[in-house]
Amino acid sequence: MTDDAALRAVASTVLPTPRFRYTPVLAAGPFVFVSGMVGLDAASGRLAEGGTRAEAAQILANLRALLDEQGWSFEQLAVARIYCTDFTAFGEVNAAWEACFPAGVRPPARTSVGVTALPLGAKVEMEFQLVVGALV
């Protein structure tokens, strides 16, 4: 059984407002779990226009905003899971990814999965795990 005190929601004012009932960011000891994000603009609440690359870039911009807000860094990013509705366009996801993790920057471990549909008609969704504290 998990001690509820060991799990805590992390408040954020920079992420898009959830449209469904879930915890967008949850801390558990030294680990942080970021729920799957689609490419919503936090200000407008609308999906980024421009297709797969634009959505992927918006997700990564939202992640950057969260990291900056919380005082975390990309170096603490351990795992990313990417879901894409059209794997023929996955090169567009990779282009946004490469802009976020250029040569010389260690990217996280990554899993990419093809799916038939995503929330709000999105083409891409990403979820992340970070290690932000000392491992015991």
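The values are calculated or read from the model by the stated rules, or taken from the named source; none is laboratory data. All values derive from a computational prediction rather than experimental measurement. Every residue, glycine among them, receives a Cβ derived from its backbone with ideal geometry; neighbour counts consider all protein chains shown.
Name the residue, out of Val124, Val34, that is within 18 Å of Phe20 (Cβ to Cβ), touching a residue at least 60 places away in the same chain (Cβ under 8 Å) and in contact with a Pro (Cβ under 9 Å, 6 or more places away or on another chain). So that I can check it myself, show each step before the final result.
Working: Val124 fails: in contact with a Pro (Cβ under 9 Å, 6 or more places away or on another chain).
The conditions single out Val34.
Taking the condition of being under 21 Å from Val25 (Cβ atoms), touching a helix residue (DSSP H, G or I) at 6+ places or on another chain (Cβ under 9 Å), surrounded by 14 or more Cβ atoms within 10 Å (Cβ to Cβ) and without any contact (Cβ under 8 Å) to a residue 60 or more places away in the chain, how many residues in the range 68-95 meet it? Even if it seems obvious, please write down each step before you answer.
Within the range 68-95, the first condition is being under 21 Å from Val25 (Cβ atoms), and the residues that meet it are 68-83.
Adding the requirement that they be touching a helix residue (DSSP H, G or I) at 6+ places or on another chain (Cβ under 9 Å) leaves 72-74, 76-77, 80, 82.
Still in the list and also surrounded by 14 or more Cβ atoms within 10 Å (Cβ to Cβ): 72, 74, 76-77, 80, 82.
Next, from what is left, pick out any that are without any contact (Cβ under 8 Å) to a residue 60 or more places away in the chain: 74, 76-77, 80, 82.
Of the residues in that region, 5 qualify.
Considering only residues of the range 38-67 that are outside any helix (DSSP H, G or I) and of a type in the set (Gly, Ala, Ser), which is surrounded by the fewest Cβ atoms within 10 Å (Cβ to Cβ)? Step through it out loud before you land on a result.
Filtering the range 38-67 down to residues outside any helix (DSSP H, G or I) leaves 38-51.
Right, trim to of a type in the set (Gly, Ala, Ser) and you get 39, 42-45, 48, 50-51.
Working: Gly39: 30, Ala42: 16, Ala43: 7, Ser44: 9, Gly45: 11, Ala48: 23, Gly50: 12, Gly51: 14.
Checking each candidate, the answer is Ala43.
Please determine, by comparing only the residues of the range 15-31 that are farther than 16 Å from Glu125 by Cβ and touching a residue at least 24 places away in the same chain (Cβ under 8 Å), which one is surrounded by the fewest Cβ atoms within 10 Å (Cβ to Cβ).
Thr17
Hey, can you tell me all the residues within the range 75-90 that are part of a strand (DSSP E or B) and either more than 27 Å from Val131 (Cβ to Cβ) or of a type outside the set (Val, Ile, Thr) (or both)?
Residues of the range 75-90 that are part of a strand (DSSP E or B), as a first pass: 77-84.
Passing the criteria: Leu77, Ala78, Ala80, Arg81, Tyr83, Cys84.
Can you tell me which residue among Ser12, Ser35 is assigned to a loop (DSSP other than H, G, I, E, B) and either surrounded by fewer than 18 Cβ atoms within 10 Å (Cβ to Cβ) or in contact with a strand residue (DSSP E or B) (Cβ under 9 Å, 6 or more places away or on another chain) (or both)? It would help to see each step written out before you state the result.
Numbers: Ser35 fails: assigned to a loop (DSSP other than H, G, I, E, B).
It is Ser12.
Has the range 122-129 got any residue that is among the aromatic types (Phe, Trp, Tyr), more than 18 Å from Val10 (Cα to Cα) and under 16 Å from the mean Cα position of the chain (by Cα)? If you could, list the steps in order and put the result at the bottom.
Narrowing the range 122-129 to residues among the aromatic types (Phe, Trp, Tyr): 128.
Keeping just the survivors that are more than 18 Å from Val10 (Cα to Cα) gives none.
The answer is no, given that none of the residues of the range 122-129 is among the aromatic types (Phe, Trp, Tyr), more than 18 Å from Val10 (Cα to Cα) and under 16 Å from the mean Cα position of the chain (by Cα).
Say we look at the range 1-53 and pick out the residues that are under 18 Å from Gln70 (Cα atoms) and polar (S, T, N, Q); which of these is modelled with the lowest pLDDT?
Thr17
Looking only at the range 96-120, how many residues end up being in a helix (DSSP H, G or I) and touching a residue at least 40 places away in the same chain (Cβ under 8 Å)?
Step one: of the range 96-120, the residues in a helix (DSSP H, G or I) are 96-100, 119-120.
Then drop every residue that is not touching a residue at least 40 places away in the same chain (Cβ under 8 Å), which leaves 96-97, 99-100, 119-120.
Residues flagged as in a helix (DSSP H, G or I) and touching a residue at least 40 places away in the same chain (Cβ under 8 Å) within the range 96-120 amount to 6.
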